[in-house]
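The values are calculated or read from the model by the stated rules, or taken from the named source; none is laboratory data. Everything numeric in this text was worked out from a predicted model, so none of it was measured. In this analysis, Cβ positions are derived from the backbone assuming ideal geometry, glycine residues included, and neighbour counts consider all displayed protein chains. Ligands, DNA and RNA are stripped out before the accessible areas are found, and what is left, the full protein with its side chains, is counted by its heavy atoms. Shrake-Rupley method; radii C 1.70, N 1.55, O 1.52, S 1.80 Å.
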Amino acid sequence: MADGPAPGVTAHLALVQQRIRDVLKASALDFTNRTYTAVVHFRLHKNRSVSLVQLEQSSGNENYNAAGKQAVLNTSPLPAFPPDLSHVYVDAHITLTAPSEKK
């Protein structure tokens, strides 16, 4: 997709990212004065599966990193590709942030 995303692809990726965030479960983290941010790279396939899930940027917390990767895996099956996306797969990434608790 060197020429930029086809129409509808941006909306599709936003939907996939929201579903990943919905399933993210990061337990036992201390958010006091701390924000965790991890970037996870993954491949979306036309058959609605996901593969090549890997940590692109660490949050500094192994539990949060693992939870981010697991959230991507647990989102499968993904929404179907939009009709204007003819590729067999799309490489994507998501930035997952757990904000500090504000009292």
Per residue solvent-accessible surface (Å²) - segment 7-98, probe of 1.4 Å
55
What nm value, rounded to one decimal, do you get for the distance between Ala80 and Gln18 when each label is placed 7 Å out toward the C-beta?
1.9
Accessible-area composition of segment 41-81, carbon plus sulfur, in percent [1.4 Å probe]:
45
